[in-house]
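The values are calculated or read from the model by the stated rules, or taken from the named source; none is laboratory data. Because the structure is predicted, anything quoted here is derived from the model rather than measured. Ideal geometry is used to build each Cβ from the backbone, glycine not excepted, and the neighbour counts take in all protein chains shown. All accessible areas refer to the heavy atoms of the entire protein, side chains included, with ligands and DNA or RNA removed. Shrake-Rupley method; radii C 1.70, N 1.55, O 1.52, S 1.80 Å.
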Amino acid sequence: MSFNKVLAIHDLSCHGASSLNVVMPVLYAAGVDLSILPCALLSTQSDGFGNLYTHSLEDDCQAILDRWSGYGLFFDGLYSGYLAHEGQLELVMRARRDFLTDDALIVTDPVMGDDGVLYQNLGSGHVDLMKALVPGSAVITPNATEACLLLGRSQIDGAVDRHEAEDMARSLCALGCASAVITSLPLKGEVIANVAWDGKECRIFPFERVEASYPGSGDLFASLMVAHLHQNDSFFVSVMKATRFTSHALRQSLRTGRERREGVCVHHAISAMLEEGSWVL
């Protein structure tokens, strides 16, 4: 899954650790040659702040792609996240069609909701929008809520057993992606885990439950996973490391008293990984 030149299509929150505010520092720290398309501008990240201001930048992004087409730009990785509506879906589809190499790695984080509900400003039709991005993806990274939405199943009430977790991950791949990771899935036995399926095998990566839910945690996990895939780690090793360092960042964010709505503190993950020598720069 080696790649170097990555295009990230996410929203840009002017305050709070989420989306491009998480993606950019993680991928730059990992040595990724990164380009961005900020598809929407938000006053803050959407979890914990009311009266959200949003402004779509899809027309601007289409104009940018028009310019890029004249430069002969191509990418061997595409990482997309939160999309507000169908016009932004078309932006991702155009990038897939016109700006990727034949063997490009496509990572899709189908950002839609958490804690059993859709994020504010999103309607039920958003599920179909995100589902359209699953086919052709090398990896998708829904959280437990988003996995249930994609599969058209009831939201999880309590916890699932390991057999059901594996079945959910396998069913996600049946939607058209090569691999899937369900993040923060509650398992029976008071365990919370990331559940990964590579098309042949399921592996479960439990982590310590933190008594605070920090926005941007899913963005951090997916960005760390992309960073490790860039470093030529295998899929399962990338998931394992992303799980470990996201969990570390969550624990440190809680330990330092970080306000929840400010989002997970990204530098804790980056610092720990650099100290360990996990990245080769």
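Being without any contact (Cβ under 8 Å) to a residue 24 or more places away in the chain, in a helix (DSSP H, G or I) and touching a His at 6+ places or on another chain (Cβ under 9 Å) is the filter; apply it to region 243-277 and report the residue that is most open to solvent (accessible area, probe 1.4 Å).
Of region 243-277, the ones without any contact (Cβ under 8 Å) to a residue 24 or more places away in the chain are 252, 255-257, 259, 268, 271, 275-277.
Right, trim to in a helix (DSSP H, G or I) and you get 252, 255, 268, 271, 275-276.
Still in the running and touching a His at 6+ places or on another chain (Cβ under 9 Å): 252, 268.
Numbers: Gln252: 43, His268: 28 Å².
Ranking the qualifying residues of region 243-277, first place goes to Gln252.
What's the number of the condition Tyr82 fails, among (1) in a loop (DSSP other than H, G, I, E, B); (2) more than 16 Å from the chain's Cα centre (by Cα)?
Every condition holds for Tyr82 apart from (2).
Ile36 is checked against (1) more than 28 Å from Cys177 (Cα to Cα); (2) surrounded by fewer than 21 Cβ atoms within 10 Å (Cβ to Cβ) and fails just one. What number does that condition carry?
(1)
From the list Leu122, Leu129, Leu91, which one is of a type in the set (A, V, I, L, M), crowded, with 16+ Cβ neighbours inside 10 Å, assigned to a helix (DSSP H, G or I) and without any contact (Cβ under 8 Å) to a residue 60 or more places away in the chain?
On the way: Leu122 fails: assigned to a helix (DSSP H, G or I); Leu91 fails: without any contact (Cβ under 8 Å) to a residue 60 or more places away in the chain.
Residue meeting the stated conditions: Leu129.
Got a sec? Which of Leu27, Leu65 is more than 18 Å from the chain's Cα centre (by Cα), open to solvent by less than 10 Å² (accessible area, probe 1.4 Å) and either modelled with pLDDT of 95 or more or acidic (Asp, Glu) (or both)? Don't jump to the end; show me each part of the working.
Details: Leu27 fails: more than 18 Å from the chain's Cα centre (by Cα).
Of the residues listed, the single one that is more than 18 Å from the chain's Cα centre (by Cα), open to solvent by less than 10 Å² (accessible area, probe 1.4 Å) and either modelled with pLDDT of 95 or more or acidic (Asp, Glu) (or both) is Leu65.
Go through the residues of region 148-162 one by one and say whether even a single one is touching a residue at least 60 places away in the same chain (Cβ under 8 Å) and either open to solvent by 10 Å² or more (accessible area, probe 1.4 Å) or in contact with a Cys (Cβ under 8 Å, 6 or more places away or on another chain) (or both). Spell out how you get there, then give the answer.
Quick first cut of region 148-162, residues touching a residue at least 60 places away in the same chain (Cβ under 8 Å) only: none.
Checked against the condition, which is being touching a residue at least 60 places away in the same chain (Cβ under 8 Å) and either open to solvent by 10 Å² or more (accessible area, probe 1.4 Å) or in contact with a Cys (Cβ under 8 Å, 6 or more places away or on another chain) (or both), region 148-162 yields no hits at all.
Residue check: is His55 assigned to a strand (DSSP E or B), in contact with a Leu (Cβ under 7 Å, 6 or more places away or on another chain) and open to solvent by 60 Å² or more (accessible area, probe 1.4 Å)? Show your work before the answer.
Values: assigned to a strand (DSSP E or B): yes; in contact with a Leu (Cβ under 7 Å, 6 or more places away or on another chain): yes; open to solvent by 60 Å² or more (accessible area, probe 1.4 Å): yes.
Judged against the criteria, His55 is a match.
Out of all the residues in region 11-21, is one or more crowded, with 21+ Cβ neighbours inside 10 Å and charged (D, E, K, R)?
Scanning region 11-21, I find at least one residue that is crowded, with 21+ Cβ neighbours inside 10 Å and charged (D, E, K, R), so the answer is yes.
So which pairs qualify, if the first residue must be in region 189-201 and over 15 Å from Leu172 (Cβ atoms), the second must be among the charged types (D, E, K, R) and in a loop (DSSP other than H, G, I, E, B), the Cβ gap must be under 7 Å, and the two must be at least 6 apart or on different chains?
Qualifying pairs under 7 Å: Ile192/Arg209.
Would you call Leu34 assigned to a helix (DSSP H, G or I), of a type outside the set (D, E, K, R) and in contact with a helix residue (DSSP H, G or I) (Cβ under 7 Å, 6 or more places away or on another chain)?
Details: assigned to a helix (DSSP H, G or I): no; of a type outside the set (D, E, K, R): yes; in contact with a helix residue (DSSP H, G or I) (Cβ under 7 Å, 6 or more places away or on another chain): yes.
Spelling it out, it is not the case that Leu34 is assigned to a helix (DSSP H, G or I), of a type outside the set (D, E, K, R) and in contact with a helix residue (DSSP H, G or I) (Cβ under 7 Å, 6 or more places away or on another chain).
Identify, by number, the condition in (1) more than 17 Å from Arg97 (Cα to Cα); (2) free of Cβ contacts under 8 Å to residues at least 60 places away in the same chain; (3) open to solvent by less than 20 Å² (accessible area, probe 1.4 Å) that Leu41 doesn't meet.
(3)
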